[in-house]
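J.: The following block contains the structure, expressed as structure tokens.
No lab work stands behind these numbers, since they all come straight from the coordinates. Being a predicted model, the structure only gives us computed values, none of them experimental. For neighbour counting, all protein chains shown are included, and Cβ atoms are generated from backbone atoms with ideal geometry for every residue, glycine included.
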Amino acid sequence: MSTRVRDLGRRSTGLMEEFKKFALRGNVMDLAVGFIVGAAFTTVVRSLVDDIIMPPIGLLIGGLDFSQLFILLRAGTPAPPYATVAQAQEAGAVTMNVGLFLNNLISFIIVAFAVFLMVRALASLQRKEEEQPEAATKPCPYCFTTIDGRATRCPECTSELPEAAPAAVGGES
């Protein structure tokens, strides 16, 4: 019985070590940071939609509060009218919450657009990195050190290097 307990203890210690290595890898930490930033960003977008965008739109439409826009599918007890979604739900009414859906839809569009802009910026940076040509190098004919292709003297052995013929421009020889 005691050997079984010891074996189980060794296996669980190995499992914990493996989990610790997994959890502390860079990708997992990046994912955790991204998740936290995403949650904070979602809160900001929700406030932008609910507190900044929707009130002026509601005023333009005649003072309508979109978060309280709903369609009554079945009345509850007491009977309608219900001024808010909360009142309808307390009465046990079945509602289709169109205004909340519109708020969530606008939030989604804002988040999707922000993600699009971020991906576009990252793709632009990657293209710029790919477009930069690598500096041409050449070996020193005396000490065989790799040096910049534009060098006229080797920085390692200080030998003067023979001039290379200029590269043809535009396919001319």
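J.: Hey, got the dipole for region 14-165? About the Cα centre, +1 on K and R Cβ, -1 on D and E Cβ, debye to the nearest 20?
T.: It comes to approximately 320 debye.
J.: Amide H neighbours of T95 under 5 Å, counting only residues 5+ apart in sequence or on other chains, H built in-plane at 1.01 Å?
T.: Excluding prolines and chain starts, which carry no amide H, the hits are L73.
J.: Separate question: Trypsin sites (Lys or Arg not before Pro) within region 89-160: which are DSSP loop residues with at most 12 other Cβ atoms inside 10 Å?
T.: Answer by residue number: R150.
J.: Determine how many Å³ per residue the convex hull of the Cα atoms of region 52-152 encloses.
T.: In region 52-152, the Cα convex hull volume per residue is 174 Å³.
J.: So what are the ³J(HN,Hα) numbers for region 90-106, from phi and the Karplus equation (6.51, -1.76, 1.60; θ = phi - 60°), rounded to whole Hz, Gly and Pro as x?
T.: Couplings: 4, 7, x, 6, 9, 10, 10, 8, 5, x, 5, 4, 4, 4, 5, 5, 5 Hz.
J.: Tell me which of M16, Y82, V28 sits at the most positive position along the dipole axis of region 2-134, charges placed on C-beta atoms (Lys, Arg +1; Asp, Glu -1).
T.: Most positive-ward Cα: M16.
J.: Right, next: Got a sec to turn the phi values of region 49-66 into Karplus ³J(HN,Hα) couplings, 6.51 cos²θ - 1.76 cosθ + 1.60 with θ = phi - 60°, whole Hz, x for Gly and Pro?
T.: 5, 6, 9, 10, 7, 6, x, x, 5, x, 5, 5, 8, x, x, 7, 8, 4
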